[in-house]
Amino acid sequence: MRNKTALLKSTLAGIAALLLTHSAWADDNTPTTAIKNVVLVHGAYADGSCWSEVVARLQKAGLHVTSVQNPLTSLTDDVEATRRILALQDGPTILVGHSWAGTVISEAGIDPKVAGLVYIAARAPDAGEDYGALAAQFPTPPASAGLVKSGGFAQLSEEAFLRDFAGDIEPLKAKVMYAEQGRISATLFAARTTQAAWRTKPSWYAISTNDRTTSPQLEHFLAQRMHAKTIEVASSHLSMLSHPDEIANLILEATAQAH
């Protein structure tokens, strides 16, 4: 009888220890409520398809992803295109901008649905700031010399696009992108924002260290000014195509941490 009692006590103790261990594991591994919506905004000389590699990875992670198609005719037009997509989201959203679209998300990002901002080699002007004057304080990127203007719009020359904009993209794919590039209004870059959403929203920044379209030094400055959580990618300006894993992971981090 005594042996049976001891065995019962030992068994109960083991079950209790197992339950405590399971409880501790559950507490440590209970998933946080992550944001499910991501809106991606492309920059100049591109269109929404430039996010294709990142979209596939985010969708695989279970996120609802939308890529904005910017008209690139004015800051107002691009912001409105982004706001139309934000209006379709059913809850908190991470807003991501590449290059010129950093200006767009800095303006549109004050939307209450926007929980966080992710900048990919992107502009991040302060409200009312003369971004051209700011950029002039840093080395001039080689792509600037390849801008070709016609009829009130501008695009990159083929040489500048392939060498300076998409320098680490497979050549055949880069040539297709060159043919598809979005022409920008010749006055687009002169526009000034009225808001700087990064001053009130948590922000992330991916610096392209081999960028020949935007000065990497300028990218460093912008990331530091906004106190963004920052990564560096050994990439051309198009890191979302040449390094989609790193960019997708940064966005996933934002969805998990921005609340």
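Points worth noting:
- Selection over the range 201-259 of residues that are closer than 19 Å to Glu170 by Cα and in contact with a Pro (Cβ under 9 Å, 6 or more places away or on another chain) gives a count of 7.
- The condition of being closer than 23 Å to Met177 by Cβ and at pLDDT 95 or above holds for Ile251.
- Taken over the range 100-113, the criterion of being within 13 Å of the chain's Cα centre (by Cα) and surrounded by fewer than 24 Cβ atoms within 10 Å (Cβ to Cβ) is satisfied by no residue.
- Checking Ile184 against (1) surrounded by 15 or more Cβ atoms within 10 Å (Cβ to Cβ); (2) without any contact (Cβ under 8 Å) to a residue 60 or more places away in the chain; (3) among the hydrophobic types (A, V, I, L, M, F, W, C); (4) farther than 23 Å from Ile94 by Cβ, the condition it does not meet: (2)
- Cβ pairs under 6 Å, 6+ apart, first in the range 231-259 and touching a residue at least 12 places away in the same chain (Cβ under 8 Å) and assigned to a loop (DSSP other than H, G, I, E, B), second aromatic (Phe, Trp, Tyr) and crowded, with 21+ Cβ neighbours inside 10 Å: His237/Phe165
- Of all the criteria given as (1) closer than 22 Å to Ser67 by Cα; (2) of a type in the set (Gly, Ala, Ser); (3) crowded, with 20+ Cβ neighbours inside 10 Å, the one not satisfied by Ala228 is (1).
- Top-ranked residue of the range 200-213 - restricted to ones that are touching a residue at least 60 places away in the same chain (Cβ under 8 Å) and out of contact with any His (no Cβ under 8 Å at 6 or more places or on another chain), ranked as surrounded by the fewest Cβ atoms within 10 Å (Cβ to Cβ): Thr200
- Ile207 assigned to a loop (DSSP other than H, G, I, E, B), modelled with pLDDT of 95 or more and either within 18 Å of Trp51 (Cα to Cα) or among the acidic types (Asp, Glu) (or both): no
- Residues in the range 47-64 that are surrounded by 16 or more Cβ atoms within 10 Å (Cβ to Cβ), under 21 Å from Ala34 (Cα atoms) and of a type outside the set (A, V, I, L, M, F, W, C): 2 in all.
- Filtered by the rule that a residue be within 24 Å of the chain's Cα centre (by Cα), surrounded by 12 or more Cβ atoms within 10 Å (Cβ to Cβ) and among the small types (Gly, Ala, Ser), the range 116-162 gives Gly116, Ala121, Ala122, Ala124, Ala127, Ala135, Ala143, Ser144, Ala160.
- Residue in the range 85-99 that is among the polar types (S, T, N, Q), under 18 Å from His220 (Cβ atoms), within 22 Å of the chain's Cα centre (by Cα) and surrounded by 18 or more Cβ atoms within 10 Å (Cβ to Cβ) present: yes
- Single residue of the range 163-181 satisfying the filter (surrounded by 15 or more Cβ atoms within 10 Å (Cβ to Cβ) and free of Cβ contacts under 8 Å to residues at least 60 places away in the same chain) that is farthest from Glu53 (Cα to Cα): Arg163
- Selection count where residues are of a type outside the set (D, E, K, R) and closer than 19 Å to Ala44 by Cα, scope the range 81-106: 15
- Residue in the range 165-186 that is part of a strand (DSSP E or B) and of a type outside the set (Ser, Thr, Tyr) present: yes
The values are calculated or read from the model by the stated rules, or taken from the named source; none is laboratory data. This one's a predicted model, so the numbers in the text were calculated from it and none came from an experiment. As a convention, Cβ positions derive from the backbone with ideal geometry for all residues, glycine included, and neighbour counts pool all protein chains shown.
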